[in-house]
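What follows is a set of notes on a single structure, which appears directly below.
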Amino acid sequence: DFDRRLGEAEKRWDAALAPYRGTKVVTYHRSWPNFCERFGLDVIGYVEPKPGIPPSPAHTIQLMATMRREGVKLLLVEPYFDEKTPNSIGRETGVPVLVLPPSVGGEKPITDYLKLFDHNVDAVLATLQLMLFEATTEMKLVQPTFIVAHPTDVSPLARANDANPAVTDRFELF
């Protein structure tokens with residue numbers, strides 16, 4: 001039964017992130033290689049160049065320049081690392097910092113392996129979809145608009161879609 005559920009989930013996760021294969025990301029350190037490789041996310045750098053050794057100012061400045069030049073879209077961090085430096089880098093570069101639990105139990109509702117990946121894939125997808133929406137669509141909306149299939153993670157107070165609770169349908173006054 002687990003193999004069947006895992007196979008179905010892998011198809012769902014692969015399909016969800018397929019449009020974002022090749023997206024450039026930075027991680028806190030070499031902590032997401034399997035996740036990034038599986039879903040085609042291109043890790044171009046690390047906040048912490050060596051595990052346990054805080055980044056120097058020179059490394060941080062060089063990393064931010066690389067992020068701008070390479071068009072990085074996400075900075076992935078685990079919840080147990082200090083977020084001060086990643087948040088500063090995110091502010092300076094305009095790249096969202098996404099805190100993802102690396103294991104089961106990292107957040108209360110994540111009670112098994114499939115829920116962990118559901119959560120992390122949904123979080124990455126929601127962040128990338130929101131960035132795409134803001135960059136290509138939001139500025140073109142000039143009237144009250146009904147938005148369908150908007151990520152629930154970025155619209156937590158909106159009503160979930162009946163067919164897909166990972167997205168919302170909402171009314172927006174632009």
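The values are calculated or read from the model by the stated rules, or taken from the named source; none is laboratory data. Quick caveat: nothing in here was measured; it's all calculated off a predicted structure. Heads up, the Cβs are rebuilt from the backbone with ideal geometry, glycines too, and the neighbour counts pull from every protein chain shown. Protein only, heavy atoms only, side chains kept; ligands, DNA and RNA dropped before computing areas. Shrake-Rupley method; radii C 1.70, N 1.55, O 1.52, S 1.80 Å.
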What figure in square angstrom, to the nearest 10, would you give for the accessible area of Val142 with a 1.4 Å probe?
100
What are the lysines whose alpha-carbon lies under 27 Å from the alpha-carbon of Lys50, with same-chain residues fewer than 8 places away excluded?
Lys24, Lys73, Lys84
Can you work out D for the chain in µm² s⁻¹ from Stokes-Einstein, where Rh is the Kirkwood radius over C-alpha pairs, the temperature is 37 °C and the viscosity is 0.692 mPa s?
188
Positive-pole candidate from Phe171, Val77, Pro57, dipole of segment 57-174, charges at beta carbon:
Pro57
Tell me, what is the percent relative contact order of segment 18-87, built from C-alpha pairs under 8 Å that lie six or more residues apart?
38
In vacuum, with every alpha carbon of segment 1-64 counted as one equal point scatterer, what does the Debye formula give for log10 I(q)/I(0) at q = 0.15, 0.17, 0.29 Å⁻¹? Two decimals, please.
-0.59, -0.68, -1.15
What is the set of long-range amide H partners of Asp42 at a cut-off below 5 Å, with H atoms built 1.01 Å from backbone N?
Gly22, Thr23, Lys24, Val25
Return one whole number: the accessible area per residue of segment 61-174 in Å², for a 1.4 Å probe.
58
Express the relative contact order of segment 27-174 as a whole percentage, based on alpha carbon pairs under 8 Å and six or more residues apart in sequence.
14
If you average the C-alpha positions of segment 155-172 and of segment 23-61 separately, how far apart do those two centres end up, in angstrom?
32
Accessible-area composition of the chain, carbon plus sulfur, in percent [1.4 Å probe]:
55
Full extension between Lys108 and Ile53 adds, at 0.36 nm per residue less the Cα distance, a length in nm of 16.8 nm
Only helical DSSP H runs with n ≥ 4 go in: add -39500 (n - 2.57) per run for the chain, normalise by residue count and round the 222 nm mean residue ellipticity to 500 deg cm²/dmol.
-13000 deg cm²/dmol
So, with +1 on the Cβ of K and R and -1 on the Cβ of D and E, and no other charges, what is the size of the charge dipole of segment 27-103 about its Cα centre, to the nearest 20 debye?
140
Round to the nearest 10 and report in Å² the accessible area of Tyr113, as given by a 1.4 Å probe over the protein chains' heavy atoms.
100
Rank Ile53, Ile61, Ile89 by accessible area, highest first, at a 1.4 Å probe radius?
Ile61, Ile53, Ile89
Taking H as built 1.01 Å from N, whose amide H comes closer than 5 Å to the amide H of Leu74, not counting residues under 5 places away?
Val26
If you place +1 on the Cβ of every Lys and Arg and -1 on the Cβ of every Asp and Glu, how big does the dipole about the Cα centre of the chain come out, in debye to the nearest 20?
400
In the Gaussian network model of the chain, springs joining C-alpha atoms below 10 Å, which of Pro33, Pro102, Pro156 carries the largest mean-square fluctuation?
Pro156
